[in-house]
Structure formats: structure tokens, C-alpha cells
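The values are calculated or read from the model by the stated rules, or taken from the named source; none is laboratory data. Since we're looking at a predicted model, the values are computed, not measured. Here the Cβ is made from the backbone with ideal geometry for all residues, glycine too, and neighbour counts use every protein chain on show.
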Amino acid sequence: MRRISIFGATGSVGSNGVDLIRRAGGPDAYHTVALTGGRNIPRLARMARDLRAEIAVTAHDELLDDLRAALAGSDVRAAAGTQALVEAAGRPVDWVLSAIVGSAGLVPGLTALAQGGVLALANKESLVCAGPLIHAAASRSGARILPVDSEHSAIFQALGSENLDSVQDVTITASGGAFRDWPLERLAAATVAEASTHPNWAMGQRITIDSASMFNKAMEVIEAKEFFGLRPDQIKVLVHPESIIHAMVNHVDGGSIAHLGAPDMRHAIGYALNWPTRAPLPVSPLDLARIGSLSFRAPDEIRWPALRLAREVMAAGGMAGAVFNAAKEQALDDFIAGRIRFTQMSPQVESTLACLAGQSGFAAEPADLETVLHWDRAARQETAAWAN
Ligand code: NAD
Ligand code: MG
């Protein structure tokens, strides 16, 4: 029986992963080693009981007693805190879904990679801030990384066994998020509630706001470069409001291979779960006659300055990805807390990048985890100071 773990099981991607495991037979089909979560103890405990996990971990030390109480009478062990999370990630499994949000997913992901097996990677932040470390860890242990971002899963599937030499470039699509059709002058007054609604995808709040600002797409452009080893000029973004085509691989001979599907994360998660084969998934089949038409437009870098920042980050290399991600996470915290406006997130991130680019060590590729965490902390501090 395949051994699996899910980090960030209680979140949007994690819950979809748990749902797939449950539908496939739960504990009769998979041996669940670790499930991790945050503050939603009832959900974490319910999932751990259902899948008969060996261990359930909350990231918050102070919630250990609550988790123990919620698991009373079951065989699931309860644990809490960052160290417990890393220990759980060190338990060898055949397949792990890395679905923690933010750079908090980096250390558990690296720990899991050191054990080998398959890392189904939803946590794009870890590739953006430490791509070379992720690849090095995978090649040391022989672990295989599979993409669980819909666009990257789409590129992976469209590429098939094709050689990268035959690829001209790739197109990743973007719905445009909540403010795609808003007049530009209204954006400065956008509220957190307005930014937290997505036209097509049901996702966690942070990535939903990042979709409205296109920081999510900016992260995905860098993720594509890191994941597939593409040149920055080979990654194009196309606004596609219906979110039916997730990505296209455009070949040197002028032909393009697109991946289509209903906007449902269970496709990308299930593809990574069943890879290298395919199995039926609880995803609605595509009904193009009902959808009627698909539309496209060029991305607008005045509305979405994050797309320009992504190119600058890729050109800078070195620690720019780690700084970009941490500054973006801090700017998002500041927006959610009401300290800055929606339209101030990009200038705030840009200012942090400009400030830290002058410091020694910025241009070097990350040598180790400590270096990445150092730049992550520095970027958060610099960004937080901007808002005050
Ligand atoms: P979410 O907010 O719904 O869930 C996040 C999970 O991480 C929760 O289980 C939470 O408890 C846990 N978590 C949060 N902070 C933590 C910390 N400091 N330490 C340990 N655990 C912590 O997020 P989501 O929307 O499911 O996104 C998860 C990841 O997947 C992100 O990297 C996101 O970019 C990526 N992703 C999400 C989607 C989507 O459809 N939601 C699509 C593609 C990629
Ligand atoms: Mg995506």
C-alpha cells in the first residue's frame, strides 16, 4: 500500500487532496503517515481519523491540547509546532502533497525531498525562493517533483516526452482575478473582501487576493522558469477569463499543444497522485458546447505591475526570488490588516527589491537554507517598515 503525507491538509489544496484519497478508498487504499494543519483543529482531527493517519500536526504549539482532545480514543498521535512539523515531514513516504501556503512550506518540503519518493508540489513559494536548493535536494535523494499548480501541471502534461529543444515558449493563462474589468481608478479603493472573491477558482484567501493583483501569476512565471528550466523570455502570460485552457506549449514548428479542463484543482492533484498513469477523477468533464466561446487578451502591466516585477526578478537571479516572495507575503499581510491599499502592494515590493539589491550577497545563487531564510527575514522587515 502506498504511504502518503499531506502538508497543509486543512487548506484549499490540502482538503482537495484528502478528498481524493478518501474517494479512492481512504485507509483501505493508502497508508496515511502525516497530516498537518494550522488552527482548524476539528477539521484536522476529522481528516486524521478518517484516513487513520499515524500522526496529525498543528503548526501552533498552543493548540496541542486541543488536538489531543480532538483525537482522543483514536490511534492518531498528536503533535504541535514547527519542529514537530519538520519531524513529521522526515517520515519516509512514497507520495507527499506539499500544500502549506507561503515560505513556511520550504523547510517541510526540503525535509520530505531528502527522503526520496514523489513530492507533489503546490507550494510554489518554495521554488520561487529556493529553486536551486529544491532541485539539489531532489537529485541527492532521487526524489521526483511533480507540479500541482494547474498551469504547471498543464505544461507538464502538454510537454509529455517532448524534448525542451523543440519548445519555442510556453503560455500560462490567467483569469485576471477579481478586478480584471474594474476601471483602473477604482483599484486604489478595493477592499479585502472584494479582492478575496475569484471569478472561477475556489482557493485560499491569500492566493485569491494574489490572483486579483497577479502576484500569483508573477510567482507562477518564476515557478515555471525554476520547474522546467526555461529561459525567462520563454514564459508568456495570456489573460483568459474562462480559465479553461490552463497552459500551452508552443513548439518551434509553430504548433501549440494546450491543456484544457474545468477549473478544479482535483485534476492537477489527482494527476500527480496517479502519475505516471491516469485514473478517473471526480472532475466535471469539459462541455465546450455549453461554454460556447473562449476569450483571450494581452496582460496589462499598468493594471498588474507584478508581471513586470516577475521579469525583473528573473533577470536579477540570486536572492531576488526569495526577497520577492517574502516582500509579497508581507505586503499581502499589510493589505489584509488594512495598513496599506491594494495598489500599494506592488510599489512596496518593488521598493524592497530595490533596497536589498544593493546589499552584498544578493546576486549570488542560494548556497543553503540559512541564506534563503536570512533574505526572507530581511525582506519582511524592509517591507513592514515601508508600511509604517
Ligand atoms: P490555504 O490558506 O487554503 O491553506 C494553507 C494550509 O497551510 C492550511 O492547512 C494551513 O493551516 C497551513 N499553514 C498556513 N500557514 C502555515 C504555517 N506557517 N506553518 C504550517 N502550516 C501553515 O492555502 P491554499 O490556497 O490551499 O494554497 C496552498 C498552496 O498551494 C500555496 O502555496 C498556493 O500558492 C498553492 N496553490 C493553491 C491553489 C488553490 O487552488 N488554492 C492552486 C495552485 C497552487
Ligand atoms: Mg495556478
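Return yes or no: is Gly90 surrounded by fewer than 23 Cβ atoms within 10 Å (Cβ to Cβ) and more than 16 Å from ligand 2 (Cβ to nearest atom)?
Numbers: surrounded by fewer than 23 Cβ atoms within 10 Å (Cβ to Cβ): yes; more than 16 Å from ligand 2 (Cβ to nearest atom): yes.
When the stated conditions are applied, Gly90 passes them.
Which one is surrounded by the most Cβ atoms within 10 Å (Cβ to Cβ), of the residues in region 23-44 that are among the small types (Gly, Ala, Ser) and more than 16 Å from ligand 1 (Cβ to nearest atom)? Break it down stepwise before answering.
The first filter runs over region 23-44 and keeps only residues among the small types (Gly, Ala, Ser), leaving 24-26, 29, 34, 37-38.
In the following step, the residues that additionally are more than 16 Å from ligand 1 (Cβ to nearest atom) were identified as 24-26, 29.
Working: Ala24: 17, Gly25: 10, Gly26: 14, Ala29: 14.
Only one residue tops the list, namely Ala24.
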- [ ] Determine which member of the set Gly204, Gly229 is of a type outside the set (Ser, Thr, Tyr) and modelled with pLDDT under 95.
- [x] Gly204
- [ ] Tell me which residues, restricted to region 1-14, are more than 14 Å from the chain's Cα centre (by Cα) and not β-branched (Val, Ile, Thr).
- [x] Met1, Arg2, Arg3, Ser5
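Among the helices (runs of 4 or more DSSP H) lying completely within region 106-167, list those that include at least 3 residues that are in contact with a Phe, Trp or Tyr (Cβ under 9 Å, 6 or more places away or on another chain) and farther than 19 Å from Gly90 by Cα. I'd like the intermediate steps shown before the answer.
Numbers: elements: 106-113, 124-141, 150-159.
So the answer is 124-141, 150-159.
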Open item on the list: within 16 Å of ligand 2 (Cβ to nearest atom) and touching a helix residue (DSSP H, G or I) at 6+ places or on another chain (Cβ under 8 Å): is that true of Ser12 in this structure?
Closed with: yes
- [ ] Provide a single number: the residues in region 248-281 that are in a loop (DSSP other than H, G, I, E, B) and surrounded by fewer than 16 Cβ atoms within 10 Å (Cβ to Cβ).
- [x] 10
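Going by the structure shown, is Leu67 surrounded by fewer than 21 Cβ atoms within 10 Å (Cβ to Cβ), touching a helix residue (DSSP H, G or I) at 6+ places or on another chain (Cβ under 8 Å) and among the hydrophobic types (A, V, I, L, M, F, W, C)? Give the steps one after another, and end with the answer.
Values: surrounded by fewer than 21 Cβ atoms within 10 Å (Cβ to Cβ): no; touching a helix residue (DSSP H, G or I) at 6+ places or on another chain (Cβ under 8 Å): yes; among the hydrophobic types (A, V, I, L, M, F, W, C): yes.
No, not satisfied.
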TODO: Could you please let me know if Ala56 is free of Cβ contacts under 8 Å to residues at least 24 places away in the same chain, crowded, with 24+ Cβ neighbours inside 10 Å and away from ligand 2 (no atom under 16 Å from the Cβ)?
DONE: yes
Open item on the list: If the requirement is being hydroxyl-bearing (Ser, Thr, Tyr) and away from ligand 1 (no atom under 16 Å from the Cβ), which of these qualifies: Ser175, Ser166?
Closed with: Ser166
Task: Single residue of region 189-205 satisfying the filter (more than 13 Å from ligand 1 (Cβ to nearest atom) and closer than 19 Å to Leu307 by Cβ) that is surrounded by the fewest Cβ atoms within 10 Å (Cβ to Cβ) - done: Pro199
Task: Among (1) within 18 Å of Asp300 (Cβ to Cβ); (2) at pLDDT 95 or above; (3) within 14 Å of ligand 1 (Cβ to nearest atom) - the single one Ile222 does not satisfy - done: (1)
TODO: Just one of (1) within 13 Å of ligand 1 (Cβ to nearest atom); (2) without any contact (Cβ under 8 Å) to a residue 24 or more places away in the chain trips up Thr208, so point out which.
DONE: (2)
TODO: All but one of (1) touching a helix residue (DSSP H, G or I) at 6+ places or on another chain (Cβ under 9 Å); (2) touching a residue at least 60 places away in the same chain (Cβ under 8 Å); (3) within 16 Å of ligand 2 (Cβ to nearest atom) hold for Ala158, so report the exception by its number.
DONE: (1)
Task: Number of the condition not met by Val101 [criteria: (1) closer than 22 Å to His267 by Cα; (2) in contact with an Asp or Glu (Cβ under 9 Å, 6 or more places away or on another chain); (3) not in a loop (DSSP other than H, G, I, E, B)] - done: (3)
Open item on the list: Return the residues of region 200-247 that are basic (Lys, Arg) and either in a helix (DSSP H, G or I) or under 24 Å from Gln348 (Cα atoms) (or both); say none if nothing qualifies.
Closed with: Arg206, Lys217, Lys225
Open item on the list: Looking at Leu121, Leu146, can you tell me which residue is within 14 Å of ligand 1 (Cβ to nearest atom), more than 20 Å from Arg308 (Cβ to Cβ), hydrophobic (A, V, I, L, M, F, W, C) and surrounded by fewer than 22 Cβ atoms within 10 Å (Cβ to Cβ)?
Closed with: Leu146
